[in-house]
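Peer 1: Structure in structure tokens, see below.
The values are calculated or read from the model by the stated rules, or taken from the named source; none is laboratory data. The structure presented is a predicted model; accordingly, all values stated were derived computationally and were not measured. Cβ placement follows ideal geometry from the backbone for every residue including glycine, while neighbour counts extend to all protein chains displayed. What goes into the accessible areas is simple: the full protein's heavy atoms, side chains included, and nothing from ligands, DNA or RNA. Shrake-Rupley method; radii C 1.70, N 1.55, O 1.52, S 1.80 Å.
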Amino acid sequence: QEQGTARMSFALGATYLGDGRCNFLVWAPGAGKVDVHIVGPSDRAAPMERQDHGYHQVLAKGVEPGTQYFYLLDGQSERPDPASSFQPEGVHGPSEVVDLSFDWGDAGWRGLELSDYIIYEIHVGAYTPEGTFQGVIPHLDELCELGITAIELMPVAQFPGERNWGYDGAYPFAVQNSYGGPTGLKTLVEACHTSGLAVILDVVYNHLGPEGNYLAQFGPYFTDRYRTPWGQAINYDGPESDEVRRFFIENALYWTKDFHIDALRLDAIHAIVDPSARPILEELGIAVHQQARQLNRKIH
């Protein structure tokens, strides 16, 4: 193992680097010691090094895409990765290392002006009998004929079970396993862009669903100063909130960069309380639009 990498050098979660090398980075200020427990035939533990600001990091070898893992907190509690990209066995199961590279075929796509959006909202689990991203693709032509220019996907962050309204997601970075996971979502986005359709993703940054939500065991992601109708409010303005803000801003940039999402629809922003000088919504918007300029794409 190679350790000592600065916290900002890598994204949160498991970043596959090729050649069996994977960086793991988790914010867990509440834990004195964190290990990556790699499960399966090669069952082993990779001790993480504590970094500044409560981060824990390790660059592990012998880890390929498809490797499943938990974080072991203080030698006692095993929990999935808060920034997991894939939960193949659901909200309580192990996280899985994903190679986020994809052979995109939408190089010429630059997005649409927001004034040109004519939106059709889709619940992936209910739109077709298959209830998958792949199941939506055969219907794109008829949506274009209808005059639609953008589809809005209701939330696809991992939730318990196979079908859900989507607003009880517990893993903001993990694409729902029953819908087709990360590859399924990318395949749908690519097909939409090939058809001339933009893709909006509905994201929930005001609360997390109750089942499978272990974030409070890692650090102060939540606050009791405010309440939402659906559970604890997110800690965007209290002690250690800088790292909470990073978590959700990085999530937004993950969708727009790695999944080529064209726009984000933020759920229930009235339940996001942040009276600080630069509110989280402003900071998030600035980050996304700056990335859009770097990518030479229209992202809203």
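Peer 1: Restricting segment 59-71 to residues that are touching a Pro at 6+ places or on another chain (Cβ under 8 Å) and crowded, with 22+ Cβ neighbours inside 10 Å, which is nearest to LEU100 (Cα to Cα)? Full working, then the answer.
Peer 2: Quick first cut of segment 59-71, residues touching a Pro at 6+ places or on another chain (Cβ under 8 Å) only: 68-71.
Subset that is crowded, with 22+ Cβ neighbours inside 10 Å: 69, 71.
Numbers: TYR69: 17, TYR71: 21 Å.
Within segment 59-71, the match that is nearest to LEU100 (Cα to Cα) is TYR69.
Peer 1: Can you pull out the residues in segment 120-149 that are more than 16 Å from HIS193 (Cβ to Cβ), of a type in the set (D, E, K, R) and either in contact (Cβ under 8 Å) with a residue 24 or more places away in the chain or not in a helix (DSSP H, G or I) (or both)?
Peer 2: GLU121, GLU130
Peer 1: Across segment 123-132, what is the number of residues that are more than 21 Å from the chain's Cα centre (by Cα) and open to solvent by 30 Å² or more (accessible area, probe 1.4 Å)?
Peer 2: Initially, segment 123-132 is screened for residues more than 21 Å from the chain's Cα centre (by Cα), giving 126-130.
This time we only want the ones that are open to solvent by 30 Å² or more (accessible area, probe 1.4 Å), so: 126-127, 129-130.
Of the residues in that region, 4 qualify.
Each row is one residue, and each column tells you yes or no for (1) hydroxyl-bearing (Ser, Thr, Tyr); (2) assigned to a loop (DSSP other than H, G, I, E, B); (3) in contact with an Asp or Glu (Cβ under 8 Å, 6 or more places away or on another chain); (4) under 13 Å from PHE218 (Cβ atoms).
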position: TYR16; (1), (2), (3), (4): yes, no, yes, no
position: PRO82; (1), (2), (3), (4): no, yes, no, yes
position: VAL91; (1), (2), (3), (4): no, yes, yes, no
position: VAL98; (1), (2), (3), (4): no, yes, no, no
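Peer 1: Kindly evaluate GLY135 against the criterion of being at positive phi and open to solvent by less than 70 Å² (accessible area, probe 1.4 Å).
Peer 2: Numbers: at positive phi: no; open to solvent by less than 70 Å² (accessible area, probe 1.4 Å): yes.
No.
Peer 1: Restricting to segment 138-166, count the residues that are modelled with pLDDT under 95 and open to solvent by 20 Å² or more (accessible area, probe 1.4 Å). Quick ask: steps written out before the conclusion?
Peer 2: If we filter segment 138-166 for residues that are modelled with pLDDT under 95, which is where we start, we get 161-166.
Next, only the ones that are open to solvent by 20 Å² or more (accessible area, probe 1.4 Å) stay: 161-165.
Qualifying residue count, segment 138-166: 5.
Peer 1: Any chance segment 85-103 includes a residue that's out of contact with any Leu (no Cβ under 8 Å at 6 or more places or on another chain), farther than 24 Å from ALA170 by Cβ and open to solvent by less than 70 Å² (accessible area, probe 1.4 Å)? It would help to see each step written out before you state the result.
Peer 2: Step one: list which residues in segment 85-103 are out of contact with any Leu (no Cβ under 8 Å at 6 or more places or on another chain), which gives 86-103.
The next check asks that each one be farther than 24 Å from ALA170 by Cβ; those that pass are 101-103.
Then drop every residue that is not open to solvent by less than 70 Å² (accessible area, probe 1.4 Å), which leaves 102.
Yes - at least one qualifying residue is present in segment 85-103.
For every residue, the table says whether it meets (1) in contact with a helix residue (DSSP H, G or I) (Cβ under 9 Å, 6 or more places away or on another chain); (2) farther than 23 Å from PHE86 by Cβ.
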{"position": "GLU240", "(1), (2)": "yes, yes"}
{"position": "ILE249", "(1), (2)": "yes, no"}
{"position": "THR256", "(1), (2)": "yes, no"}
{"position": "ASP262", "(1), (2)": "yes, no"}
{"position": "ILE269", "(1), (2)": "yes, yes"}
{"position": "VAL273", "(1), (2)": "no, yes"}
{"position": "ARG278", "(1), (2)": "yes, yes"}
{"position": "LEU284", "(1), (2)": "yes, yes"}
{"position": "HIS289", "(1), (2)": "no, yes"}
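Peer 1: To continue, here is another question. In segment 72-83, what residues are open to solvent by 20 Å² or more (accessible area, probe 1.4 Å) and either within 15 Å of the chain's Cα centre (by Cα) or touching a residue at least 12 places away in the same chain (Cβ under 8 Å) (or both)?
Peer 2: As a first pass, look at segment 72-83 and keep what is open to solvent by 20 Å² or more (accessible area, probe 1.4 Å): 72, 74-79.
Matches in segment 72-83: LEU72, ASP74, GLY75, SER77, GLU78, ARG79.
Peer 1: Among the residues of segment 100-119, what is the count of those that are outside any loop (DSSP other than H, G, I, E, B) and free of Cβ contacts under 8 Å to residues at least 12 places away in the same chain? Before the answer, list the steps.
Peer 2: As a first pass, look at segment 100-119 and keep what is outside any loop (DSSP other than H, G, I, E, B): 114-116, 119.
From what is left, the residues that are free of Cβ contacts under 8 Å to residues at least 12 places away in the same chain are 115.
Residues meeting the conditions: 1.
Peer 1: May I ask you to list the residues in segment 282-300 that are in contact with a Leu (Cβ under 7 Å, 6 or more places away or on another chain) and part of a loop (DSSP other than H, G, I, E, B)?
Peer 2: Selection gives LYS298, HIS300.
Peer 1: Against the condition without any contact (Cβ under 8 Å) to a residue 24 or more places away in the chain and out of contact with any Asp or Glu (no Cβ under 6 Å at 6 or more places or on another chain), how does GLN232 come out, does it pass?
Peer 2: Spelling it out, it is not the case that GLN232 is without any contact (Cβ under 8 Å) to a residue 24 or more places away in the chain and out of contact with any Asp or Glu (no Cβ under 6 Å at 6 or more places or on another chain).
Peer 1: Does PHE86 satisfy being under 23 Å from the mean Cα position of the chain (by Cα), assigned to a loop (DSSP other than H, G, I, E, B), among the aromatic types (Phe, Trp, Tyr) and closer than 23 Å to ALA252 by Cα?
Peer 2: Values: under 23 Å from the mean Cα position of the chain (by Cα): yes; assigned to a loop (DSSP other than H, G, I, E, B): yes; among the aromatic types (Phe, Trp, Tyr): yes; closer than 23 Å to ALA252 by Cα: yes.
For PHE86, the condition - under 23 Å from the mean Cα position of the chain (by Cα), assigned to a loop (DSSP other than H, G, I, E, B), among the aromatic types (Phe, Trp, Tyr) and closer than 23 Å to ALA252 by Cα - is met.
Peer 1: Can you find even one residue in segment 116-137 that is in contact with a Phe, Trp or Tyr (Cβ under 6 Å, 6 or more places away or on another chain) and under 23 Å from PRO94 (Cα atoms)?
Peer 2: Yes, segment 116-137 contains at least one residue that is in contact with a Phe, Trp or Tyr (Cβ under 6 Å, 6 or more places away or on another chain) and under 23 Å from PRO94 (Cα atoms).
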